[in-house]
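Below: one structure, written as structure tokens.
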Amino acid sequence: MKATLDFLLNGTRVSLANENPTRTLLTWLREARGLAGTKEGCAEGDCGACTVVLADLDPAGMLRYQPLNACILCIGALEGKEVITVEALKKEGALHPVQQAMVECHGSQCGFCTPGFVMALYAQYKNGTPADLNDAIAGNLCRCTGYRPIVEAGARARGLADPHHEGVEDAERAKRITDLPKETTRIGGFFSPLTLEEFADHLVAHPRATILAGGTDAGLWITKQHRDLDQVAYIGRISKLKVIEDTEKTLEIGAAVTYAEAYEALARIHPDIGELLRRLGAVQVRAAGTLAGNIANGSPIGDSMPVLLALDAMLVLQKGEAIREARLARFYTGYRRSILLPGEFIRSIRVPKLAPGARFAAYKLSKRFDQDISAVCAAFHVDGSKARFGFGGMAATPARARRAEAAYAKGVEAACTALADDFSPISDARASTWYRIRAAQSLLRKFHAGASPRALLDIVA
Amino acid sequence: MSFLQSRTRHAGHGIGKAVARKEDDRLLQGKGCYTDDFNLPGQAYAAVVRSPHAHAQIRSIDTKQALDMPGVLAVLTGHDAAHDGLKPIPFRPITPNPHEVRLHASFLAPYPLLPPDKARFVGQAVAIVVAETVMAAKDAAEHVAVEYEVLPAVVTTSAADGPRLWNSPNVCADTTIGGSVEEAFKRAAHVVTLETTMNRVTGVPMEPRAALGCYDEERRRYVVYASCAGVHRARTEIAGALGVPEAEVRVVTRELGGNYGTRNNLYPEFALVAWAARRVRRPVKWTCERTEAFLSDEHARDLVTRAELALDADGRFLALHCDYVSNVGAHAVSFIPLTKGMAVSTSVYHVPVAAIRGRAAMSTTAPTTPYRAAGRPEVMFTIERLIDIAAQRCGFDRAVLRERNLVSEFPYRNPAGLVYDSGDYIGVQRRVLELADWKGFEKRRKEARARGRHRGIGFGHYVELNTGAPRERAEIRVLPEGRVEVVLGTLSAGQGHETSFAQLVAEWFAIELPQVKLLTGDTDLTPVGGGSHSGRSMRMGAVVMAHACDRIVEQGRQRACERLEVAPSDVEFADGRFRVKGTDRSIGLFDLGLLIGSHDETTPLPSYPFGCAVCEVEVDPETGVVQIVRHSTVDDCGRAVNPIILHGQTHGGIAAGIGQALWEACRYDPQTGQMLSASFMDYAIPRADQLPMFDTEISEVPSTTHPLGMRGGGEGGTTPALAAVANAVVDALAEFGVEHLDLPLTSERVWRAMQR
């Protein structure tokens, strides 16, 4: 057990003993380290001006580079990783190819969003993914350039010389990361264990602790609600929670697995799931956020739950050594309330795969394609006589449309009529009650007609 | 010969060359210095207490609980401000420029830093808390107990005769210009009308506003670091609000993370941090949160228009009648969008007579101000929509109808009395239609239809009315170590001034770009200047720089002739050297000691950039989603200094125009006056995947009223975009009988239009 936070910052080892682990990386960089290149544009993960790159070893031990929003990332989540900021890219007088390409394409005007774009493109350059550059910068907002030169810069960077010998640099970085201390950390009320057992015991002893995974929601409690999180248990270093178990019938996803990590396995269940995940936040949010976090938070507009409800996902819950299973469909008891007991946590999510012949579709309606809040999110699954329809944005929790499911055997119109009895959604600036009901019914008809969401642009305003 | 007469373009990195920006190396490394990046030893932090009500009497403010909280240094209210003699910000909502439309106002609502009596929009500052840390200040701000008596909200101009904000009618200005149109409308073969409400939008610079103020008691001097668009205007307005002479205020801005107009005017916080710093005897820093910015940044557009166009049987325009009501918000900050729009209502078309009425109406909303082409996008939208409606109803070809009415002889005096100096409106139309393959469109429409999409195309012209703060000054120093310093009163908000201004000097002095250093953004360094707005920086900067460079050449010539022992008339300056005519004897510019030239000039003469944009869209009939598939523009800014930078400005302008046309809107709840779109999730600025690649071209018809032929660039991307997008969408929906749709063209609005 150690009482320091150990990570790397731009190649240099950092060991912090007197820092609050729930301090955001952005304020730490700007205020404690004087690295002001990383900018705050919104402090809620919407604009990407604070994008930094985290390098770490993936569960298979391979070096990877991920863009993250520093504004909502707690420094307690950095252990075992190297933080790379915009200040570190120019070396020996030579700009990095993505920076050089940005100059050549005139990708920067006022320059405020620029560091965030540079880092998002840098991650894309390092990984070669996402292949579509619009996806790589979907989490970054720019108000000056209209984005075209930035997209061009991303493409051009690949063709430029490699002045920094990236391969050599990668090997050195992987070594540095491997050498970081691997020990459970406790600093005041902050606990960052390496094993599941330690975590389970800790939570029994501290049932009120906030479980921190990606922090894409908890980060906003800090930046927007100014909450002091005194008891926090970080699960991102627990290897048993980072596992994806892929068997013939099910996919079991550990609580600390990020969207980015779960993406491929989930998309294999059905391509619609991949398409939906592509629109869940943007690269920065998916590199941090987890399915379990989305579920545990229980936001009525969480975008992963409708799919999981339609697939009838099971949650594996653990308290101390006791493990129980619960249907996601029975998990919520009210607005942001669930059956989780004090000291209990979601250990993994067991997602049944589609049976041969089963029909499935997932849809998200929002103002914009990328990184936007759903007005309605829906997933439909029909397997023989069994229908399961999961919805977000229709009630105080993500929910199944049980009346519509039952009526579906009588025909799609009967199900649509029943759907209006399943939900009485709110009217707000994002969508009216009337709209939400009509849209939900239309999506059901669309599913029934066999339309793939990718055949249409599912965007509304 | 003066550099003002120079038409050469020979320098490798000189005028007209698409050189990469000098500032990029710094900005790409995150080394730009924005206001929040400044810190001073011992600084305290301010948080602003904002009104949660659109309209409310402030009964009392109890600060005790907040003052008792840990780390709190001060809680300051409107009463404290009044006690200390603070004054409303000295805005000049009505332009004094004699070339522009003069609005007659019955009342100009003052904008106090902290109102002692009444809050008039949601998010208005009513008190500030100063504390040791940001969090302590924000925590304490939540404990400032303000007792409000809630009054009815008025958010639209249609409710302008509803509850009053001030002891004066809500319609506070009313002016009609032009002539009598009645006779022309009587004899018209066709009359088309349009009633439209232009959506309210806001600038959304990515850098949230910030300010850091300090007070030096020994020297009786305030220093304010602020994210403003021009340090001199900020100095005047801060000094005015604090009630001190301008000499007692210094304003510093290094990098500005976006402006687009909505930062031209002072914000209360910039003066409040200075005042608070004096009160607590420590520097005070304030940085805006994003939601605060949406609530309290100034907004734009929000114009209700009723317009009629009269045409003869051949489609010649006979008269235009427009009635505008501009929603100016709770305080009179700037009525310039209204008057600029009035002045160019007839755009690039010859309309023999026009009657234009403009009114300003107050409401319980954030004040409105210029934003990306102040006032012009609204009126271009109106006339271009009227023309398309006329073409559709009366069977004219859209392109032919426009061409028939374009102004083709210059100078041209428009019905508002403006004199367009020069242009080639027909030329830009023909070129942009070619660029957009207008002729090949029907084939693309059919192809799209086969895929189940409704494709449409539309276009629109524009003319700008660039004026802005008329005074600018340059001081240029030639340093013997081989560098040239240019001290200028403008300020870049991303327009690449360090590069384009250096290009002028590189051209004239035949030196390299890295030798030129631009110094701006500090009132101590640059005593006079106007900042960046209204396409003024290069337009005015180039003139005063040319004069200053002329003076340097004169000085240099004097010294050179002494060194070379010849008469001044025998020495010529070329390629960076003073040469004795007809010999190989010469001396270099940098070999003559320190040379300084300065020039200060006030030129209110307007400038008229113009151009034309074509937009092509596809509409999904099932969802109403509009996709921009192609957008082509030809812009004329007169003589272009750096085409890359100009294209960049156009791109950003197009994106802002498309954003307003399709998605963006500051929405207020009509009952409560609450703003419903105060985050990036609900105020939908475009993301990368929503915009196509743009085809942008530059036309260079030299201005005849500007000595260097410049018109000013940067706003033309936005100005015609609203009209071009709307015309394209309406074209796509023609078969549904749609004649007009108001902005934004959200999928809901488009989908509903298709259900009729």
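Being within 14 Å of chain A (Cβ to nearest Cβ) and under 32 Å from the mean Cα position of the chain (by Cα) narrows it down to one of B:23, B:100, so name that one. Give the derivation first.
Working: B:100 fails: within 14 Å of chain A (Cβ to nearest Cβ).
One residue alone meets the criteria, B:23.
Scan the stretch A:383-416 for residues that are hydrophobic (A, V, I, L, M, F, W, C) and either in contact (Cβ under 8 Å) with a residue 60 or more places away in the chain or closer than 30 Å to residue B:681 by Cβ (or both) and report the count. Reasoning before the result, please.
The first filter runs over the stretch A:383-416 and keeps only residues hydrophobic (A, V, I, L, M, F, W, C), leaving A:387, A:389, A:391, A:394-396, A:399, A:401, A:404, A:406-407, A:409, A:412, A:414-416.
If we keep only those that are either in contact (Cβ under 8 Å) with a residue 60 or more places away in the chain or closer than 30 Å to residue B:681 by Cβ (or both) too, we end up with A:389, A:391, A:394-396, A:399, A:401, A:404, A:416.
Counting residues in the stretch A:383-416 that are hydrophobic (A, V, I, L, M, F, W, C) and either in contact (Cβ under 8 Å) with a residue 60 or more places away in the chain or closer than 30 Å to residue B:681 by Cβ (or both) gives 9.
Could you tell me which residue of the stretch A:107-139 is farthest from residue A:66 (Cα to Cα), considering only residues that are part of a loop (DSSP other than H, G, I, E, B) and more than 8 Å from every other protein chain (Cβ to nearest Cβ)?
Going through the stretch A:107-139, the residues part of a loop (DSSP other than H, G, I, E, B) turn out to be A:107-113, A:128-132, A:137-139.
From what's left, more than 8 Å from every other protein chain (Cβ to nearest Cβ): A:107, A:128-132, A:139.
Details: A:107: 22, A:128: 11, A:129: 10, A:130: 11, A:131: 14, A:132: 16, A:139: 13 Å.
Looking at residues that are part of a loop (DSSP other than H, G, I, E, B) and more than 8 Å from every other protein chain (Cβ to nearest Cβ), I get A:107.
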(message) What's the total number of residues in the stretch B:508-561 that are over 21 Å from residue B:255 (Cβ atoms) and assigned to a helix (DSSP H, G or I)?
(response) 25
(request) From (1) surrounded by fewer than 24 Cβ atoms within 10 Å (Cβ to Cβ); (2) within 22 Å of residue A:24 (Cα to Cα); (3) more than 14 Å from chain B (Cβ to nearest Cβ); (4) within 21 Å of the chain's Cα centre (by Cα), pick out the condition that doesn't hold for residue A:194. (result) (4)
(request) Give the residues of the stretch A:85-99 that are surrounded by fewer than 24 Cβ atoms within 10 Å (Cβ to Cβ) and more than 11 Å from residue B:30 (Cα to Cα), sorted by residue number. (result) A:91, A:92, A:93, A:94, A:95, A:97
(message) Looking at A:12, A:38 in this structure, which one is of a type in the set (Ser, Thr, Tyr) and facing another protein chain (nearest Cβ under 9 Å)?
(response) A:38
(request) Give the stretch B:729-739 a look and list any residue that's surrounded by fewer than 17 Cβ atoms within 10 Å (Cβ to Cβ), in contact (Cβ under 8 Å) with a residue 60 or more places away in the chain and not acidic (Asp, Glu), or say none. (result) B:734
(message) Based on this model, can you work out whether residue A:98 counts as modelled with pLDDT of 95 or more, in a strand (DSSP E or B) and within 14 Å of chain B (Cβ to nearest Cβ)?
(response) no
(message) Just checking, does the stretch B:54-64 include any residue being in contact with a Leu (Cβ under 8 Å, 6 or more places away or on another chain) and either charged (D, E, K, R) or closer than 30 Å to residue B:504 by Cα (or both)?
(response) no
(request) Among what's in the stretch A:141-166 and is outside any loop (DSSP other than H, G, I, E, B) and at the interface with chain B (Cβ under 9 Å from one of its Cβ atoms), pick the residue that is farthest from residue A:47 (Cα to Cα). (result) A:152
(message) Looking for something crowded, with 24+ Cβ neighbours inside 10 Å and on the phi > 0 side of the Ramachandran plot - is there at least one such residue anywhere in the stretch B:712-728?
(response) yes
(message) For the stretch A:1-48, which positions are touching a residue at least 12 places away in the same chain (Cβ under 8 Å), farther than 24 Å from residue A:194 by Cβ and assigned to a helix (DSSP H, G or I)?
(response) A:26, A:29, A:32
(message) Only one of B:746, B:719 is away from chain A (no Cβ under 14 Å) and of a type in the set (Ser, Thr, Tyr). Can you tell me which?
(response) B:719
(request) Would you mind finding the one in A:255, A:267 that is within 16 Å of the chain's Cα centre (by Cα) and surrounded by fewer than 21 Cβ atoms within 10 Å (Cβ to Cβ)? (result) A:267
(request) May I ask you to verify whether residue B:172 is touching a Lys or Arg at 6+ places or on another chain (Cβ under 7 Å) and hydrophobic (A, V, I, L, M, F, W, C)? (result) no
(message) Quick check on my filter: what residues within the stretch A:10-26 are surrounded by fewer than 22 Cβ atoms within 10 Å (Cβ to Cβ), in contact with a Ser or Thr (Cβ under 9 Å, 6 or more places away or on another chain) and under 25 Å from residue A:136 (Cα atoms)?
(response) A:10
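Listed here are the residues, each with its yes/no results for (1) farther than 30 Å from residue B:544 by Cβ; (2) crowded, with 21+ Cβ neighbours inside 10 Å; (3) more than 10 Å from chain A (Cβ to nearest Cβ).
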site: B:672; (1), (2), (3): yes, no, yes
site: B:676; (1), (2), (3): yes, no, no
site: B:692; (1), (2), (3): yes, no, no
site: B:700; (1), (2), (3): no, no, yes
(request) Among the residues of the stretch B:622-633, write down those that are surrounded by fewer than 22 Cβ atoms within 10 Å (Cβ to Cβ) and more than 10 Å from every other protein chain (Cβ to nearest Cβ). (result) B:629, B:630
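If you go through the stretch A:260-275 one residue at a time, how many are closer than 29 Å to residue A:7 by Cα and without any contact (Cβ under 8 Å) to a residue 40 or more places away in the chain? Give the derivation first.
Restricting attention to the stretch A:260-275, the residues satisfying the condition of being closer than 29 Å to residue A:7 by Cα are A:260-264.
The next check asks that each one be without any contact (Cβ under 8 Å) to a residue 40 or more places away in the chain; those that pass are A:262-264.
Matching residues across the stretch A:260-275 total 3.
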(request) For the stretch A:49-68, enumerate the residues that are within 26 Å of residue A:243 (Cβ to Cβ) and not in a loop (DSSP other than H, G, I, E, B). (result) A:53, A:54, A:55, A:56, A:57, A:63, A:64, A:65, A:66, A:67, A:68
(request) Check off (1) part of a helix (DSSP H, G or I); (2) away from chain A (no Cβ under 14 Å); (3) modelled with pLDDT of 95 or more for residue B:49 and give me the number that stays unchecked. (result) (1)
(request) Give the residues of the stretch B:634-652 that are touching a Phe, Trp or Tyr at 6+ places or on another chain (Cβ under 7 Å) and within 14 Å of chain A (Cβ to nearest Cβ), sorted by residue number. (result) B:651
(message) Quick check on this structure: which one of B:204, B:244 is of a type in the set (A, V, I, L, M, F, W, C), at positive phi and either within 14 Å of chain A (Cβ to nearest Cβ) or without any contact (Cβ under 8 Å) to a residue 24 or more places away in the chain (or both)?
(response) B:204
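Out of B:630, B:639, B:711, I need the residue that is touching a residue at least 60 places away in the same chain (Cβ under 8 Å) and under 20 Å from the mean Cα position of the chain (by Cα). Which one?
Details: B:630 fails: under 20 Å from the mean Cα position of the chain (by Cα); B:639 fails: under 20 Å from the mean Cα position of the chain (by Cα).
From the options B:630, B:639, B:711, the qualifying one is B:711.
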(request) Check off (1) over 20 Å from residue B:347 (Cα atoms); (2) in contact (Cβ under 8 Å) with a residue 12 or more places away in the chain; (3) buried (at least 22 other Cβ atoms within 10 Å of the Cβ); (4) of a type in the set (A, V, I, L, M) for residue B:644 and give me the number that stays unchecked. (result) (3)
(message) Suppose the filter is touching a helix residue (DSSP H, G or I) at 6+ places or on another chain (Cβ under 9 Å) and either exposed (fewer than 15 other Cβ atoms within 10 Å of the Cβ) or within 30 Å of residue B:374 (Cβ to Cβ) (or both); does residue B:167 pass it?
(response) no
(message) Looking at B:3, B:107, can you tell me which residue is more than 24 Å from residue B:291 (Cβ to Cβ) and at pLDDT 95 or above?
(response) B:107
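Any idea which residue in the stretch B:568-613 is modelled with the highest pLDDT, counting only those that are acidic (Asp, Glu) and not in a strand (DSSP E or B)? Walk me through it before giving the result.
Taking the stretch B:568-613 first, the residues acidic (Asp, Glu) are B:570, B:572, B:575, B:584, B:591, B:600-601.
Within this subset, residues satisfying the condition of being not in a strand (DSSP E or B) are B:570, B:575, B:584, B:591.
On the way: B:570: 93, B:575: 92, B:584: 93, B:591: 97.
Filtering the stretch B:568-613 for residues that are acidic (Asp, Glu) and not in a strand (DSSP E or B), the one modelled with the highest pLDDT comes out as B:591.
The values are calculated or read from the model by the stated rules, or taken from the named source; none is laboratory data. Worth saying up front: this structure is predicted, and the values here are computed from it rather than measured. Ideal geometry is used to build each Cβ from the backbone, glycine not excepted, and the neighbour counts take in all protein chains shown.
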